1. Over both sides of the A-B contact, add up the buried accessible area with a 1.4 Å probe and give it to the nearest 100 Å².
2. Taking a quarter of the surface of the convex hull around the Cα atoms of region A:44-105, what do you get in nm²?
3. Extending each Cα 7 Å along its Cβ direction at A:Ala2 and A:Ser58, get the distance between those two points in nm, one decimal.
4. Largest first and to the nearest Å, give the Cα extent of region A:1-57 along each principal axis.
5. With a 1.4 Å probe and all protein chains in place, put A:Thr105, B:Thr45 in order of accessible area, largest first.
6. Using DSSP to define loop residues, name the GluC sites (Glu not before Pro) in region A:8-117 whose beta-carbon has at most 15 other beta-carbon atoms within 10 Å.
7. Taking chain A as a Gaussian network, where each spring joins two C-alpha atoms under 10 Å apart, which residue of A:Leu77, A:Leu39, A:Leu91 fluctuates the most?
8. How big, on average over all directions, is the shadow cast by the Cα convex hull of chain A, in nm²?
Amino acid sequence: EAEVAQSPRYKITEKSQAVAFWCDPISGHATLYWYRQILGQGPELLVQFQDESVVDDSQLPKDRFSAERLKGVDSTLKIQPAELGDSAMYLCASSFLGLAGARETQYFGPGTRLLVL
Amino acid sequence: KQEVTQIPAALSVPEGENLVLNCSFTDSAIYNLQWFRQDPGKGLTSLLLIQSSQREQTSGRLNASLDKSSGRSTLYIAASQPGDSATYLCAVLKGGGNKLTFGTGTQLKVEL
């Protein structure tokens, strides 16, 4: 069964360092999402791509976070510089079309757990 | 702004018991509602998706209902098993872009 792949699974970094996370969606899925999940809370959408274009990054802290999906396939989320409050699980998800209102499930990867010291 | 609340935050039941998890949302203008399962330190697995025009969906021992007008959904788990232990999250879809708004989850523990 096709799955969303993410790496690394765990990352420990020091405050002010740069970190990057990678996501490979299910083959053929046009829409890719990055979520942040703080411990004890539900995931919150950071950025959504439709192919290589950003369609929603309203919750992305753009002063330190950046995301790209250059060829419309895999994606990278970067934080520079990392802050203590960035410690969280970063989840990537994908869906086939991403059409609003469609009967469509988002498939989630295993996540990257980030700890900033 | 859409807000999603889940009650209870944590639940512990003996094996074999039937149980109900609750989800409420403030804006009833949703396209659909999904229930997810999350095992510790893992990603999310979709369990059930209910379209706004539907009242319920069933999968095996799971049954989810939706009352859009009152802003409520319930997830019913029949004959619970230790393997059902996980955090259950509900999420609603509203508006363009396929953006999901999640609740904070219910942490379920099924004991032998």
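The values are calculated or read from the model by the stated rules, or taken from the named source; none is laboratory data. Small disclaimer: the values here were computed from a predicted structure and weren't measured. All Cβ positions, even for glycine, are placed from backbone atoms using ideal geometry, and neighbour counts span all protein chains on display. Just the protein is used for accessible areas: all its heavy atoms, side chains included, with ligands, DNA and RNA removed. Shrake-Rupley method; radii C 1.70, N 1.55, O 1.52, S 1.80 Å.
1. Working: alone 6710 and 6100 Å², together 10940 Å².
So the total buried area for this chain pair works out to about 1900 Å².
2. Values: hull surface 19.0 nm².
So the Cα hull casts an average projection of 4.7 nm².
3. A separation of 2.9 nm, rounded to one decimal place.
4. Each principal axis gives a Cα extent; for region A:1-57 these are 36, 26, 25 Å.
5. Values: A:Thr105 35, B:Thr45 80 Å².
Listed by decreasing accessible area, they come as B:Thr45, A:Thr105.
6. Values: sites: A:Glu14, A:Glu44, A:Glu52, A:Glu68, A:Glu83, A:Glu104; in loops: A:Glu14, A:Glu52, A:Glu83, A:Glu104.
Taking region A:8-117 and a limit of 15 other Cβ atoms within 10 Å, the loop GluC sites (Glu not before Pro) found are A:Glu14, A:Glu52, A:Glu83.
7. Among A:Leu77, A:Leu39, A:Leu91, the largest GNM mean-square fluctuation belongs to A:Leu39.
8. Numbers: hull surface 28.6 nm².
Approximately 7.1 nm², given one-decimal rounding.
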